[in-house]
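Below: the structure, in C-alpha cells.
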Amino acid sequence: MALLPPAGHARLPGLLVLAITLGCTAVAACGTARAGTPASAGTPASGDGLCASAGRVDRLVVERVNQIPRNHQRFTFPARVTVTGPAKARSVARAVCALPPMPSGAMSCPADWGIVYRLGFTADGRKLPVVSVEATGCGGVRGLGRSAWTARSPGFWRLLGTAMDIDHAGPATFAPVPG
C-alpha cells in the first residue's frame, strides 16, 4: 500500500525530498561530534611516538591542509613552515603532549572549516609519526596514540605561532573564518 499525501497537497519531487533530508543531516552533523574516539588505526603507542621523544626533538615542519578549499580562507603565513630551532620545535612537541584528553561522550562543537595542521617532528634526525591538529571544529588531535584536543588550550596556538615566527598568533590566526 503506497502512502499518498492528503488530498489538496502537492507531492514534492523525490529529489527535493532527498536534498532536504541530506541538508538537514549535514547541518546536524556540523555541530555535534562523538568525542573520545580512539586514535586512528596504525598509530604507534605513545612509547614509540612524539611524547616519548619530545626531549630529543630537533626539527618541526608545519603543513596546513585545507580540506574544503572552496571556503577561501586567507592566511598571513605560508602553508608550509619549517621550524629549525631545536628549542622551538621541542617546546611545540611538549605542548602537543600536554594537551588534555578529548572528553568522552557526545559534545557540541563549533563549525569545522576543514583546516588541519600536520606537524612533522624529527628527533635525532629520525622522522616521528605525524600529528594532525584540527584548527576548527572540536580541535581534535590525532597521532599521539591517544585522543587529545586544543579547544580548551588557546595557549597552544600562541606557542605554535611563536615557534613559526608569526607575530601575535592565536587561534584565529590558524583558523580564520572564510570570507
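The values are calculated or read from the model by the stated rules, or taken from the named source; none is laboratory data. Being a predicted model, the structure only gives us computed values, none of them experimental. Every residue, glycine as well, gets a Cβ built from its backbone with ideal geometry; the counts of neighbours run over all protein chains shown.
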Query raised in the report: Does segment 137-145 contain any residue that is touching a residue at least 60 places away in the same chain (Cβ under 8 Å), part of a helix (DSSP H, G or I) and either in contact with a Cys (Cβ under 9 Å, 6 or more places away or on another chain) or among the hydroxyl-bearing types (S, T, Y) (or both)?
Result: no
Report task. May I ask you to verify whether A89 is closer than 15 Å to I166 by Cα, touching a strand residue (DSSP E or B) at 6+ places or on another chain (Cβ under 8 Å) and either in contact (Cβ under 8 Å) with a residue 24 or more places away in the chain or among the charged types (D, E, K, R) (or both)? Result -> yes
Query raised in the report: Looking only at segment 148-158, which residues are touching a residue at least 24 places away in the same chain (Cβ under 8 Å), surrounded by fewer than 18 Cβ atoms within 10 Å (Cβ to Cβ) and touching a helix residue (DSSP H, G or I) at 6+ places or on another chain (Cβ under 6 Å)?
Result: none
Report summary line: Looking across segment 99-136 at residues that are surrounded by fewer than 17 Cβ atoms within 10 Å (Cβ to Cβ) and among the aliphatic types (A, V, I, L, M), the single one that is farthest from V62 (Cα to Cα) is A106
Requested in this report: Identify, by number, the condition in (1) in contact with a Lys or Arg (Cβ under 9 Å, 6 or more places away or on another chain); (2) at pLDDT below 85; (3) under 22 Å from P69 (Cβ atoms) that V177 doesn't meet.
Outcome: (1)
Requested in this report: Count, please, the residues in segment 64-93 that happen to be surrounded by 17 or more Cβ atoms within 10 Å (Cβ to Cβ) and part of a helix (DSSP H, G or I).
Outcome: 6
